[in-house]
Amino acid sequence: MAANGDSQTVSEYIVHHLTNLTYGKLPGGYERYDGSVVAEGGQWTMAHGADEITAMGFNAIHVDSMIWSVGLGLLFCWLFRRVAVRATSGVPSGLVNFVEMVVEFVDSTVRDTFHGRNPLIAPLALTIFVWVFLMNLMDLIPVDLIPHSLMLAGVEYQKIVPSTDPNITMGMAIGVFVLMLFYSIKVKGFGFVKELTLNPFNHPLFIPVNLFMEVVGLLAKPFSLGLRLFGNMYAGEMIFILIAALFSVGLFWLLPAALLQIGWAIFHILVITLQAFIFMVLTIVYLSMAHEDH
Amino acid sequence: MNINLTLIGQLIAFMAFVAFCMRYVWPPIAGAMAERQNRIADGLAAADRAGHDLEVAKQQADERLAEAKREAAGIIEAANKRAQAVVEEAKDAAIAEADRVKAAAAAEIEQERARAQEQLMTQVSALALAGAEKILAAEIDADKHADLLKSLAAES
């Protein structure tokens, strides 16, 4: 509900919801929202508005994304560690059952897809699946609940779904990419270079063409991995925000908007699980490819 | 869409969480699950074995039972035979005893009869002698005619 006074239009409401709480370095000479000018040498500060965030460039950090992401990661670690401490070969119950179900699910997926022997893959897949799922799950919390509460408490911007932040999804995708490169080189050694240069046309003359194609193919993997998750979650979040904006249009829209909200939320349960699963499976597949020697 | 330091921050957090999971979460849970799987497999195998053992034991018990029945039947048969033999023996003994008793009784009767006869003869002869004495008075000497009287007694 865009109930921040009459001064806020629907588009302002949407933009506000899509702005991260950002801490960063404004360049020297930048004129801030209140007319003050940043001193020479720049200044580290909380950004106010999308323009300032753009001006900060790379020297900025999305505080909300980081807090929610790391917080959910810690929640995952705490929850699963608690079970790991209590895990016995006896009869499991309650939370242990649930966690073991997740572990079993991830383990069987890894077994089906990854045929090598690597003790990293299964824990990696588990972390990705649960963490991404938890981050996506934040999408089901009503869009205004936490941002608006925090706004009343004095925090101006808040985006609580970390996976709608491309930095978060690309950060994970780059992590996967680093592992892909590491294992490609570790397992194949020089074979990795051959794979990049002598595929698909096995002739010395074609090395530049091959190299170009293979490198593009290689880089496409982390990009598609990170942007797929980001795109799905961003679009989903956007629709939640649009439905929420409907509430402010008029009384007539109250019921349809509520129904839409419920419908989209139910559908989104599927989407967030599926996206977490896809991210996990693709990670396993990419790492499996990195291990396969041609 | 602003790409900024958040990317690096997330990358670091990601690696830290994966490392934590790999070191402290996955091995205990997966280990406990594998152990439980083994225990269940062992338990099932033990149950199978126990079932098999039970069957074998049942078979053995049946065999023992049949054997015992056979033995019992044998014992009963032997006992019957023995009883029959005892009865037979007793019958024989009884018959023999009866015969013996009968024989003894007959002998005794015969003896008694002979004695009675002898006694009777003696009395009769004495009576006859007395009668004759009375008749003949002193004419007949008892000693002299003793042989004659004896032969008479024997004849009667």
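Quick note: the coordinates plus some simple rules give every number you see, no bench work behind them. All values reported here derive from a predicted model rather than from experimental measurement. Glycine also receives a Cβ, built like all others from the backbone with ideal geometry; neighbour counts cover every protein chain displayed.
Brief remarks on what is shown
- When the Cα positions of B:Trp26, B:His52, B:Ala66 are compared along the charge dipole of region B:22-93, B:Trp26 comes out farthest toward the positive end, with charges on each C-beta of Lys, Arg, Asp and Glu.
- Compactness of the protein assembly as shown, expressed as Rg and Dmax over alpha-carbon positions, Å: 59.3, 209
- Dipole axis of region A:64-291 (+1 Lys, Arg; -1 Asp, Glu on Cβ), positive-most option in A:Ile168, A:Thr113, A:Leu75: A:Thr113
- Extension gain for the segment A:Leu120 to A:Phe201, taken as residue separation times 0.36 nm less the Cα-Cα distance, is 25.8 nm to one decimal.
- Summing Lys and Arg as +1 and Asp and Glu as -1 over all other residues whose Cβ lies under 15 Å from the Cβ of B:Ile8 gives a net charge of 0.
- Reachable lysines from A:Lys221, criterion Cα separation under 20 angstrom, eight or more residues apart if same chain: A:Lys186, A:Lys188, A:Lys194
- Partner shielding of A:164-176 amounts to 6, given as the average count of beta-carbon atoms from other chains within 10 Å of each residue beta-carbon.
- Across chain A, the relative contact order, built from alpha-carbon pairs under 8 Å that are at least six residues apart, equals 24 percent.
- Cα-based helix-to-principal-axis angle, A:95-113 vs chain A, degrees rounded to 10: 50 degrees
- Each Lys or Arg adds one and each Asp or Glu subtracts one; over the other residues with Cβ under 12 Å from the Cβ of A:Val38, this totals -2.
- When only the Cβ of Lys, Arg, Asp and Glu is charged (+1, +1, -1, -1), the dipole of chain B relative to its Cα centre reaches about 1740 debye.
- At 0.890 mPa s and 25 °C, Stokes diffusion of region B:6-155 via Kirkwood alpha-carbon radius, µm² per second: 87 µm²/s
- Rg and Dmax [Cα atoms of region A:143-288; Å; Rg one decimal, Dmax integer]: 21.8, 71
- Rounded to the nearest 20 debye, dipole of the protein assembly as shown from Cβ charges on Lys, Arg, Asp, Glu: 1880 debye
- Furthest towards positive pole of dipole, B:Ala146, B:Ala13, B:Ile76, structure part chain B, Cβ charges: B:Ala13
- Using R0 = 51 Å, the C-beta based FRET efficiency linking B:Ile95 and B:Gln60 works out to 0.45.
- Degrees separating the helix A:63-86 axis from the principal Cα axis of chain A, which is the longest one: 50 degrees
- Chain A: most fluctuating residue of A:Val209, A:Val83, A:Val103 per GNM, C-alpha cutoff 10 Å: A:Val209
- Check: region A:1-150 dipole with +1 on Lys, Arg Cβ and -1 on Asp, Glu Cβ, in debye: 860 debye
- R0 of 56 Å, Cβ-Cβ distance A:Val249-B:Ala46: FRET efficiency to nearest 0.05: 0.20
- Taking a sphere under 15 Å around the Cβ of A:Val106 and counting the other residues whose Cβ falls inside, with K and R at +1 and D and E at -1, yields a net charge of -3.
- Gain on full stretching of the segment that runs from B:Glu133 to B:Val86 - 0.36 nm per residue minus C-alpha separation: 10.2 nm
- For region B:63-147, the direction-averaged projected area of the alpha-carbon convex hull comes to 7.8 nm².
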